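Working notes for the structure below.
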Amino acid sequence: MQRKSNISLSPTSRYAVLGSGSWATAIVKILSYGSGSLGWYVRSQETLDHIKKYGHNPKYLSSVNIDTNKVWLTDNLDEVVERADVLIIAIPSAFMAETLKGLTTSISTKFIVSAVKGIVPESHLTIAEYFNQEHLIPFDNIGVVTGPCHAEEVALERLSYLTLACKSRENAQMLADRFECHFIKTTTTTDIYGVEYAAVLKNIYAIASGICHGLGYGDNFQAVLVSNAQRELKRFLDGTYPSKRNVDTSAYLGDLLVTCYSNFSRNRTFGSMIGKGYTVKATMAEMNMVAEGYFAASCINALNKKYLVNMPIADAVFEILYQGANPRPTIQQLVEQLK
């Protein structure tokens, strides 16, 4: 199959969101402030009917009112692809491949925007890499939305910052203009690789932060842990794809901080339960949302067998989650490696 030519976004480009979780619902809220209609693919017929009837998602961010005069909803994946120019993917990475199996309409002429801070478990690919390799979408036609922005605070319209990444600065700015509203400020970057992997890694570090919290470590230690995590993140990015990126900006450091410290962070919550003695299976059963860091820990561990970057925090999380290591002595060993 021949790759399609580069797409230039415009103010008239038609947008649609795929996914119906908390972050997808938050993005629909953000984009509904813009001009033009917005598509929303909701897989569950029950959820779809509820939103159409009552104007809110019954399962996630139920306080968010959806203007169904501006947002058209469908449970037909082909329909949303046919009607939109820009597809914003907000489906958990673990369900990405399975969801898109039902697609019969080509997405080769679409601009894909990943709002997923995770890795596809089966292939160890980021979302941008997945669409590039599995669906032959050129990286020029792929964007990423990231930054320290919890869906729960979007629901409350608390001031938040998002970073839009594209290879083309012009396309990134077009996306930034579409996402900006009275409570969302935006910045742009061309570092698709860096912001995607930073978003993956910060989830692993948030699980580490949660484990330490569950074990009783205090704020003083958390500051040491997170500062070491930032250096570990930088080592991985520099060791795998060197660039002149500034990892102290909000898309990297800001996202790491909020995910490690916020009570809204599902990855921190996941880790905290592990630290308190829950098994991985019990923690997953207890939580209503996907903790992307669980899958990321395994994928990054596998990827790093090639690069051999020094990653003691990510290694400790992997050992606890996948090798049955006891959290307390594992973290005690980690403590000796931190500075």
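The values are calculated or read from the model by the stated rules, or taken from the named source; none is laboratory data. Note that the structure is predicted; figures quoted are calculated from it, not measured. As a convention, Cβ positions derive from the backbone with ideal geometry for all residues, glycine included, and neighbour counts pool all protein chains shown.
Take the conditions in contact (Cβ under 8 Å) with a residue 40 or more places away in the chain and outside any helix (DSSP H, G or I) and apply them to residue 304. Does it pass? Outline the logic, then answer.
Working: in contact (Cβ under 8 Å) with a residue 40 or more places away in the chain: yes; outside any helix (DSSP H, G or I): no.
So residue 304 does not fit the description; no.
Among the candidates 270, 264, single out the residue that is out of contact with any strand residue (DSSP E or B) (no Cβ under 6 Å at 6 or more places or on another chain), among the aromatic types (Phe, Trp, Tyr), crowded, with 23+ Cβ neighbours inside 10 Å and outside the structural domain of residue 22 (by TED's automatic domain parsing). Spell out the reasoning first.
Details: 264 fails: crowded, with 23+ Cβ neighbours inside 10 Å.
Just one listed residue meets the conditions, 270.
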Would you kindly identify the helices (runs of 4 or more DSSP H) lying entirely within segment 195-275 that contain at least 3 residues that are over 28 Å from residue 61 (Cβ atoms) and at pLDDT 95 or above? 219-240
Cross-chain or 6+ apart pairs with Cβ under 6 Å, segment 127-144 first and at negative phi, then polar (S, T, N, Q) and not in a helix (DSSP H, G or I): 127/114; 128/114; 140/6; 144/114
Residue in segment 285-300 that is at pLDDT 95 or above, in the same structural domain as residue 198 (by TED's automatic domain parsing) and part of a loop (DSSP other than H, G, I, E, B) present: no
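Identify, please: which residue in segment 193-217 is among the β-branched types (Val, Ile, Thr) and farther than 12 Å from residue 327 by Cα and is, among those, surrounded by the fewest Cβ atoms within 10 Å (Cβ to Cβ)?
Restricting attention to segment 193-217, the residues satisfying the condition of being among the β-branched types (Val, Ile, Thr) are 195, 200, 204, 207, 211.
Remaining after also requiring farther than 12 Å from residue 327 by Cα: 195, 200, 204.
Working: 195: 29, 200: 26, 204: 33.
Among them, the one singled out is 200.
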Unique match (being more than 22 Å from residue 149 (Cβ to Cβ) and hydrophobic (A, V, I, L, M, F, W, C)) among 48, 31: 48
Mind checking which residues of segment 280-304 are crowded, with 16+ Cβ neighbours inside 10 Å and acidic (Asp, Glu)? 292
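Given the criterion part of a helix (DSSP H, G or I), among the polar types (S, T, N, Q) and buried (at least 23 other Cβ atoms within 10 Å of the Cβ), identify the matching residue among 25, 47.
Going through 25, 47 in turn, just one is part of a helix (DSSP H, G or I), among the polar types (S, T, N, Q) and buried (at least 23 other Cβ atoms within 10 Å of the Cβ): 25.
Which residues, taken from segment 75-96, are assigned to a loop (DSSP other than H, G, I, E, B) and either touching a Cys at 6+ places or on another chain (Cβ under 9 Å) or crowded, with 21+ Cβ neighbours inside 10 Å (or both)? Even if it seems obvious, please write down each step before you answer.
In the first step, residues of segment 75-96 are kept if they are assigned to a loop (DSSP other than H, G, I, E, B); the result is 75-76, 84-85, 90-92.
Those that are assigned to a loop (DSSP other than H, G, I, E, B) and either touching a Cys at 6+ places or on another chain (Cβ under 9 Å) or crowded, with 21+ Cβ neighbours inside 10 Å (or both): 84, 90, 91.
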Looking at 126, 190, which is the one that is buried (at least 21 other Cβ atoms within 10 Å of the Cβ) and either within 27 Å of residue 30 (Cα to Cα) or aliphatic (A, V, I, L, M) (or both)? 126
Of the numbered conditions (1) assigned by TED's automatic domain parsing to the domain that holds residue 171; (2) of a type in the set (Val, Ile, Thr); (3) touching a strand residue (DSSP E or B) at 6+ places or on another chain (Cβ under 7 Å), residue 66 fails exactly one; give the number of that condition. (3)
Matching residues in segment 234-256 (in contact with a Phe, Trp or Tyr (Cβ under 8 Å, 6 or more places away or on another chain) and closer than 24 Å to residue 283 by Cβ) number 1
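Assess whether residue 153 counts as being touching a residue at least 40 places away in the same chain (Cβ under 8 Å) and either crowded, with 16+ Cβ neighbours inside 10 Å or among the hydrophobic types (A, V, I, L, M, F, W, C) (or both). Give the derivation first.
On the way: touching a residue at least 40 places away in the same chain (Cβ under 8 Å): yes; either crowded, with 16+ Cβ neighbours inside 10 Å or among the hydrophobic types (A, V, I, L, M, F, W, C) (or both): yes.
So residue 153 passes the test.
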Which residue, of 142, 119, is surrounded by 21 or more Cβ atoms within 10 Å (Cβ to Cβ), among the aliphatic types (A, V, I, L, M) and modelled with pLDDT under 95? 119
Considering only residues that are buried (at least 21 other Cβ atoms within 10 Å of the Cβ) and either part of a strand (DSSP E or B) or without any contact (Cβ under 8 Å) to a residue 12 or more places away in the chain (or both), look in segment 165-183 and name the one that is farthest from the chain's Cα centre (by Cα). 166
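Scan segment 97-108 and give yes if some residue there is surrounded by 15 or more Cβ atoms within 10 Å (Cβ to Cβ) and over 22 Å from residue 49 (Cα atoms), otherwise no.
Yes, some residue in segment 97-108 is surrounded by 15 or more Cβ atoms within 10 Å (Cβ to Cβ) and over 22 Å from residue 49 (Cα atoms).
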